[in-house]
Every structure is written in C-alpha cells, then in structure tokens.
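Below is one structure; the comments refer to it alone.
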Amino acid sequence: MNKNRYTVLDSAASLYIPDTLDLFPQVKAQLAQRRTFMQTLRARPALAIVLAFLALILLTGVAYAISRSLGYIPGIGFVEQGAKIRVLAEPVSQTRESITVSIEQVIVDSQRTVVVYKAEGLSLQAANSQGEGADTYHDNLLRLPDGTLLQETSLTGYDGTPEPLIDDLTTENGWPNYVRRLVYPAVDPQINELTLVLPALQNMPAGAAPENWEITFSLKPAPPDMIVIPITVLASQAAPVTADTPPAEATQAAPLSNVSTLNGVTLSLDNVIEVEDGFIFTGKIKWEASPFPPHQGLGINFSEVLTLSDGNGQNVPIEEVPLNAAYNEEHERPWSFRTDRKSFVGPLVFSISALKTNFTTPPFEFELDLGPNPQVGQIWELNREFPTGGEAIRIPSVELVKDSNSNNFCLAFDLENTTWGGFVKDLDSDPAESIDCYDENGRSYGGSGSNGKPISIFTQTVGYHGIPSGLHRFSLDAFASFTLPGPWQVAWEPPLSSEPSPTAVPEVCLTLDKWNEVMGQNEALPERLGGKVLTTVNEGSNLPAIYVSSLDGTNSQRIDEGSWPSLSRDGTRLVYSSVDALRMVDLASGQIFGSGIDGYGAILSPDNSRILYTTTFNLYVVNVDGTGLQMIDTGAAQVIAPVGWLPDNLTIIYSAMGGDGFHYKSYNLQSGEQKELFVANNKAGLGAISPDGQWIVFSDRVFGALAPSTFISKIDGSGRRQITAPEIMSAVAAAWSPDGQWLLFNVFNPDETQSHVLVNPFTCQALRVNTIKGMVEDWSP
C-alpha cells in the first residue's frame, strides 16, 4: 500500500516513541530547555521533527505540516527530501591569468541540477574597459560525457513552487568578482561526471578576461550527515474569496491565521524555513480583477507595504528574499522575507494596511479661455476636478511663463493627486516640435515640486512659439492612484528558542519625527562654534566651485573649481582635485600649488607635510612637494578610499571594498603594521575622523532598512552609535566640528538644493543651519 507523507512521518516517529507514551510532559520539558529547532535537528533529526510538530499543535491549535517532499539548503534552494541526492565530490578550481573559477556546490536530484561557482581575481579596469553599455551576458552550458549540452532552465521555482534564495558565499573583493547559481535539468543517475562550459565570465565584456572555460567535476552520493533543512508548510485555514463569495463575507477580515481575505484580496503565509540566523517566510497575495480599476494590474513593492510585528506589538525588522519564480499568474504574486534572529514573543503577524495601484486615466477634455491679451506671469484659477475611479485629479491653476533661453512660452498646469504627474495636450494648437520652458535658474518647468512648489504638486507644461490667447481645448492624461483598504494580517507562532532574548536596540539620535521637527526650526547656533567651512557649489561648470566661509556664511571666499576638497587640520591649507592634478592652496596668501600628481580623495597629514590620496585602484602617500611617493600595500583590493590620519602623523585610515562590504583598516607608515578595524556595508567606503583621532563617522546598512544610516564609533569599531534613522535618506554626514563635538550634515531637498543640520552625536542635540550655501565637504579651525 502506498504511504502518504503523514503516514511516513508516523512510521518514523514510531521508531523512537512507543504507542503508549504520553508525550505532553516531554514536549513541555523540551520547550523548557528552549532549544531551537535547528539545534535539536542536528542532535536527533527524527525526534526533532516530531517534537517540533507536536509543540506547534499544542501551542497554537493550528494544524502545521512538516513537508517531507522538499527540504532547503542555503545557496542552493529546494531539494527533494529523502531522495537519492548527489553532491559535488570535491571542490574544483581552475586558474588562468590570475583569475580563478571555483565550483563550490553542486546538488542533483530527480528534478534538476544546481551548480554554484565563484569567479575571483577579475579586474575592475577590465570590467569597465568598454563602458557601461558593454554586453556581458553569456549562456552558460553543462556538458554531459556524450557531448550533450544542457541549457539553463528558466526561473520557475522548484517545479513551479516559488523558491526563496539566500546566499551563503561571498567573494574576497566584491564586484566584478561574483558568485553565481546555475540551474539545469536533472541528469541521469548513472552520470557522475559533468563539465561546466562558460563561454565568458559574468561582468566581463568580450576580450576583457580569459574566455571559453571548461571545468570538469564529479558527483557522489550525498553524505548521511548532510543537513537539509525541513520546510514548515502551513495548511490553509480559510478559503480564498472568489467571484461567487457573498459580498458580506468578502468584506469581513477573517480571524488571525495564515490566510487573510478582505475586499477580494487574499494574503497567505505558505511556509516557514528556519535557517542558522533567523526564519524565512514565503507566501503569496491573490486578487480578483474587480477590486481594481479596469485593465489595471496590482503593482506591489512588498518591502514598502508588508510589515512584521511580534506578540508585544513591536515592529520586527525584515528583509526581502529573492524568489526563483516567474510571476506567471495574472492575479497572483509570491513574496518572501527573512528575519535576522529567532528569539521572539509570538505570535508573529505579517500585515498590509492597504494596497495601492497606479493607473493611467482615460483622457479628460476641458476648456480654458485665456482672453485676448494674456501676460507672462498671469495665473488662471481653474480649480477643475476629474474623477478617476480613485482619488480625483485636480488642476488648481494655470500660469503663463516664458522660457529663459528663447522666445518660447508655456502654459504651466499644476496637477494635484497624481502619482507621477500627467500629460496635457492642446487640442487646438498642436506644435510639431516639443517645446520646453526653463526658469531663470535653468530649471525645467515640470515635474514634482517644480520651481519651489510643494512636492505634492506636479507641473506639466504646454509650449508655444508665441503667446497663446483666446479659447483653447485641452486634453489631460494623468497617472492616478487607487487605494484598497485593509488590513490583511497573517500570523505564525514561532517555537521557543534557546537563543538569548534580544537586547534593547540603542536609541537612534535622530528619528524621522525628530528630524522633521528640526528641519522646521530656526534656533541660534551654539556659541564659540566657529572655524572655516569648506563647501562645493554647482555653478554650471564641469567641476563645482570650491568655497571657504565662516559657519554663519560670512567671509565667503571662492577658491577654484575642483572636486574632493579637504582642509588641513589647522585650517591653513586646502587640497583638492583639479582637471589635471592635485592642487594645494595656502588660504592666507591664496597661492595655489600644483603637484603634478593625478588622484583624488586627498587628505593632508596633521602636520601638513604629506598627502594621502587614491586613484581608486591604489592608495598613496606623498610629500607635499611631490617627493617621496609611497604606494600602500592594500592587498588584492581594487576599490580603496582614504578616510584620514591619526594625530601621530604616522597612521592612516582607509577602506577597501570586499565581498561583504568595505573593510576599514589602519596602516602605520613607519612599521608597515596593518590592522583590520571593522566592516561597514556602504556604497563608497567613505568616512571622517574626529580631530582628536578617537572617533570615526561612516554610513552602514541596518537590517531591514531601504537606505543606510549614519553611525559613529571608536576607531577600532567599538562603541558604535546610530545617529540617523534609515528613513532619513536625504542626510549625508560630511564633517566634524573643530572641537570634535558636532557633525554637520548635508540635506538634499526635493528641489535639488541643500540645507544643513548640526548634530551633537554624544547628546543628540540637533539644530538647523540656514547660513551655508552648497555641499559641506570639511570643517577646520
């Protein structure tokens, strides 16, 4: 007789547990020990499965099933549980011209063959040798012993099941080095030797690196101790709403379970995978066509709409996990997220408060009488609203403007309640060419927040070669939004964990609410806080203009045009990159010295005797007179950023890109001693050292955040403090105050201007600064 997976589970359990045994005391004992499922799994796999299964039933009363058909391996994805899995017999690598390709993992089951390989030693210069538009896509093949070539399969998940993928391998130096996972059809069980055929390496344009790689590897049966993580599959507790569901039922939220249906939309949590450092959750959202405007899909950014909370109602950080699945269903989208820990107060609740879709409205026609003699600057209060099926689009007013660069004119239509604006067309006067209008600052009339208007107003223009007059008919095509109210909530009860309860997260200096409050203030600056502030201002040239001024904006002095400027520690000199070489300025005399050295990111030593700089690929120290050039040994790193000097004039701090972020390091110029300080995941490896050499400010990512945050720490990475919340995406820390007690932040406004905020990172006091023009680069006495 055939056995289903539940019968097999019972049979496995009977080997360890007699029929007469009362399990409840043992289950309670296991829970009291607070061991995680992964820990128990390693010690006693079969018993762990049964205990976890029963514990979940006892805790929640919800029927959970442990899938015996599929398991999970990080870096690989789904595999068949209990099947005759084959794996890589031993790692294989091949090196050509200092580039090494290594086959790291292979898993073969009855459904497919998964190969994970790594390429290291690739050159950044070679990757960029043919520009950003170079073709670097290549078909990678798998060759069987008889010469048959297997093509990669499409992204359809595991036999149609959406499959979350997390990486467990990194490269030493980051991009363009890479790790890639390739999926091919299953191979015959009798075949134990395969050849990976790579016509060219990823990220490398034609001819930039060795090509036509062929790496042969062998397979062997999976060892008995290979860990395949079980998948907790959640049985549906509520049927999805269909077109036949009575309206009264369709608008009532179901009790918390792993399925939530409301207003024709169903959110489900389908399975949970416990990995080493957290849980992976996978589910889907389904909807009918009827809840949304006709012929419109549902555009969902799950990172923005899906939240997770614990049993105390506290927000739990989550990050989206890539899914190896094509979205073939018209009214269905899978989703997957992970946590970075496993100790929780349950239940864990995923929530979507509302769903918003954007759509193009049908054209709206309207008339506007401009009169016989309209004047530039004249405004017509239109106050027209157009229904969309969602929120009405509104045109409050229209203004006649003149292009600052020509004799053309434009009618500037203000649009409200649009997601991306819209298009206005004059039906009576349709010029053959597109006519744009620019204001006196060279900014286009058009877009969100155009010409100093609120960010909620989108300006759309219609151009004319002369001043239009009289009655005109217009057509408006707008982008509207439609909001479907929720909430949708699905829940899961996590197992008790032996991991320590998470410590309280240190409070962030500047939350978004506090930041917004500071941006609306205009308080006096602290006394005795002076010095020279170095800024760059975009004045239309290829390089920005460099200015030095007082903190209050007075004593402004234009130095030159250049980039990456920095002040000396005593505020007497300035070094920057010009169009041809590094230059240094004596601020007292205004004399500019050329170095003849090509580089950027230059920083003067505290005694003004030497300059630290980079060429991206190498790091150098040179005397200010151009002699004594010294290249710093940064190993195999290809992207290096100078950070600063310590007060001893001998120790430099720099960062080098690695596969897991930028590694901040110290280097003693006298002894050659190099120390690893800490790793931060940011874009460019930038930072700034406090004047006393005790602290460093830098950016780093926060788990679950869409943007990095600003941190300070001791030079060795200890004593880390988060200064800004990740929601404050417009803030960039630029400079320490001369006394080392304040940070001056640049704030990028929607109208492309900058404002500034002064923050004490030790007390969290924050003040807005309205006296500085441009982008703050440095601050010295």
Subject >> Residue count, the stretch 585-635 (criterion: closer than 19 Å to LEU669 by Cα, outside any loop (DSSP other than H, G, I, E, B) and under 39 Å from the mean Cα position of the chain (by Cα)) >> reply: 16
**OP:** Of the conditions (1) outside any loop (DSSP other than H, G, I, E, B); (2) at pLDDT 90 or above; (3) open to solvent by less than 30 Å² (accessible area, probe 1.4 Å), GLN489 clears all except one; give me its number.
**Re:** (3)
**OP:** Restrict the check to the stretch 174-191 and report whether at least one residue is among the polar types (S, T, N, Q), surrounded by 15 or more Cβ atoms within 10 Å (Cβ to Cβ) and not in a strand (DSSP E or B).
**Re:** yes
Original post:
So TYR576 fits all but one of (1) in contact with a Gly (Cβ under 9 Å, 6 or more places away or on another chain); (2) more than 20 Å from LYS532 (Cα to Cα); (3) not small (Gly, Ala, Ser); what number is the exception?
Top reply: (2)
Original post:
Listed residues PHE678, PHE703, PHE662, PHE698; which is in contact (Cβ under 8 Å) with a residue 12 or more places away in the chain, surrounded by fewer than 20 Cβ atoms within 10 Å (Cβ to Cβ) and not aliphatic (A, V, I, L, M)?
Top reply: PHE703
**OP:** Can you confirm whether the stretch 396-407 contains a residue that is among the aliphatic types (A, V, I, L, M) and either open to solvent by 30 Å² or more (accessible area, probe 1.4 Å) or modelled with pLDDT under 85 (or both)?
**Re:** no
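Quick one: in the stretch 646-659, which of the residues that are farther than 27 Å from SER123 by Cα and open to solvent by 20 Å² or more (accessible area, probe 1.4 Å) is nearest to the chain's Cα centre (by Cα)?
For the stretch 646-659, the residue satisfying everything is LEU646.
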**OP:** Return the total of residues in the stretch 143-162 being part of a strand (DSSP E or B), open to solvent by less than 40 Å² (accessible area, probe 1.4 Å) and touching a residue at least 40 places away in the same chain (Cβ under 8 Å).
**Re:** 1
**OP:** List every residue pair whose Cβ atoms sit under 6 Å apart, with the two residues 6 or more apart in sequence or on different chains, where the first one lies in the stretch 267-285 and is more than 18 Å from GLY704 (Cα to Cα) and among the hydrophobic types (A, V, I, L, M, F, W, C) and the second, anywhere, is open to solvent by less than 10 Å² (accessible area, probe 1.4 Å) and in a loop (DSSP other than H, G, I, E, B).
**Re:** LEU269/ASN258
Original post:
Which of the residues belonging to the stretch 281-316 are modelled with pLDDT of 90 or more and at positive phi?
Top reply: GLY313
Subject >> Which numbered condition ASN140 fails, given (1) modelled with pLDDT of 90 or more; (2) surrounded by fewer than 17 Cβ atoms within 10 Å (Cβ to Cβ) >> reply: (2)
Original post:
If you go through the stretch 239-259 one residue at a time, do you hit one that is assigned to a strand (DSSP E or B) and modelled with pLDDT of 90 or more?
Top reply: yes
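Looking at GLY628, GLY599, which one is among the small types (Gly, Ala, Ser), open to solvent by less than 60 Å² (accessible area, probe 1.4 Å) and within 25 Å of GLU172 (Cβ to Cβ)? Reasoning before the result, please.
On the way: GLY628 fails: within 25 Å of GLU172 (Cβ to Cβ).
Step by step, each of GLY628, GLY599 is checked, and only GLY599 is among the small types (Gly, Ala, Ser), open to solvent by less than 60 Å² (accessible area, probe 1.4 Å) and within 25 Å of GLU172 (Cβ to Cβ).
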Original post:
What is the residue count in the stretch 395-417 for residues that are of a type in the set (Val, Ile, Thr), out of contact with any helix residue (DSSP H, G or I) (no Cβ under 9 Å at 6 or more places or on another chain) and touching a residue at least 40 places away in the same chain (Cβ under 8 Å)?
Top reply: 1
Original post:
If only one of ALA29, ALA46, ALA65, ALA13 is in a strand (DSSP E or B), modelled with pLDDT under 50, surrounded by fewer than 19 Cβ atoms within 10 Å (Cβ to Cβ) and among the hydrophobic types (A, V, I, L, M, F, W, C), which one is it?
Top reply: ALA65
Original post:
Any chance the stretch 571-591 includes a residue that's touching a strand residue (DSSP E or B) at 6+ places or on another chain (Cβ under 8 Å) and closer than 17 Å to GLY685 by Cα?
Top reply: no
**OP:** Show the residue pairs that are 6+ apart or on different chains and have beta-carbon atoms under 9 Å apart, the first residue being within the stretch 176-193 and at negative phi, the second being assigned to a strand (DSSP E or B) and exposed (fewer than 13 other Cβ atoms within 10 Å of the Cβ).
**Re:** ASN192/LYS220
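Just need a number here: residues in the stretch 365-379 that are open to solvent by less than 30 Å² (accessible area, probe 1.4 Å) and either on the phi < 0 side of the Ramachandran plot or not in a loop (DSSP other than H, G, I, E, B) (or both).
As a first pass, look at the stretch 365-379 and keep what is open to solvent by less than 30 Å² (accessible area, probe 1.4 Å): 366, 368, 370-371, 374.
Retained after the next criterion (residues that are either on the phi < 0 side of the Ramachandran plot or not in a loop (DSSP other than H, G, I, E, B) (or both)): 366, 368, 370, 374.
Residues flagged as open to solvent by less than 30 Å² (accessible area, probe 1.4 Å) and either on the phi < 0 side of the Ramachandran plot or not in a loop (DSSP other than H, G, I, E, B) (or both) within the stretch 365-379 amount to 4.
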**OP:** Check the stretch 739-748 and report whether any residue there is surrounded by 16 or more Cβ atoms within 10 Å (Cβ to Cβ), at negative phi and without any contact (Cβ under 8 Å) to a residue 24 or more places away in the chain.
**Re:** yes
Original post:
Any chance the stretch 515-538 includes a residue that's at pLDDT 90 or above and of a type in the set (Phe, Trp, Tyr)?
Top reply: no
Original post:
Would you call ASP168 within 28 Å of GLY635 (Cβ to Cβ), modelled with pLDDT under 90 and of a type in the set (Asp, Glu)?
Top reply: yes
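Which members of the stretch 408-440 meet the condition of being open to solvent by 30 Å² or more (accessible area, probe 1.4 Å), over 30 Å from SER290 (Cβ atoms) and within 36 Å of the chain's Cα centre (by Cα)? Let's see the steps before the verdict.
Filtering the stretch 408-440 for residues open to solvent by 30 Å² or more (accessible area, probe 1.4 Å) gives 408, 416-417, 419-420, 423, 425, 427-434, 436, 438, 440.
Now restrict to residues that are over 30 Å from SER290 (Cβ atoms): 408, 425, 427-434, 436, 438, 440.
Across the stretch 408-440, the qualifying residues are ASP436, TYR438.
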**OP:** Would you tally the residues in the stretch 306-346 being over 24 Å from ARG181 (Cα atoms), in contact with a Gly (Cβ under 6 Å, 6 or more places away or on another chain) and of a type in the set (Ser, Thr, Tyr)?
**Re:** 0
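Of all residues in the stretch 90-122, how many are assigned to a loop (DSSP other than H, G, I, E, B) and open to solvent by less than 40 Å² (accessible area, probe 1.4 Å)? Please lay out each step first, then the result.
Narrowing the stretch 90-122 to residues assigned to a loop (DSSP other than H, G, I, E, B): 90-91, 97-98, 109-111, 121-122.
In the following step, the residues that additionally are open to solvent by less than 40 Å² (accessible area, probe 1.4 Å) were identified as 109, 122.
Qualifying residue count, the stretch 90-122: 2.
Going by what's in this entry, would PRO506 be described as open to solvent by 10 Å² or more (accessible area, probe 1.4 Å), under 27 Å from PHE762 (Cα atoms) and not charged (D, E, K, R)? Steps first, answer last, please.
On the way: open to solvent by 10 Å² or more (accessible area, probe 1.4 Å): yes; under 27 Å from PHE762 (Cα atoms): yes; not charged (D, E, K, R): yes.
The answer is yes for PRO506.
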Original post:
Taking the stretch 769-781, which residues are more than 14 Å from VAL732 (Cα to Cα) and open to solvent by 30 Å² or more (accessible area, probe 1.4 Å)?
Top reply: ASN770, THR771, LYS773, PRO781
**OP:** Would you check if ALA684 is loosely packed, with under 15 Cβ neighbours inside 10 Å and not hydroxyl-bearing (Ser, Thr, Tyr)?
**Re:** yes
**OP:** Can you confirm whether the stretch 322-342 contains a residue that is open to solvent by 60 Å² or more (accessible area, probe 1.4 Å), out of contact with any Cys (no Cβ under 6 Å at 6 or more places or on another chain) and not in a loop (DSSP other than H, G, I, E, B)?
**Re:** no
Original post:
Can you tell me which residues in the stretch 578-596 are charged (D, E, K, R) and either farther than 29 Å from SER690 by Cβ or buried (at least 16 other Cβ atoms within 10 Å of the Cβ) (or both)?
Top reply: ASP580, ARG583
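The values are calculated or read from the model by the stated rules, or taken from the named source; none is laboratory data. None of these values were measured; they are calculated from a predicted model. As a convention, Cβ positions derive from the backbone with ideal geometry for all residues, glycine included, and neighbour counts pool all protein chains shown. Just the protein is used for accessible areas: all its heavy atoms, side chains included, with ligands, DNA and RNA removed. Shrake-Rupley method; radii C 1.70, N 1.55, O 1.52, S 1.80 Å.
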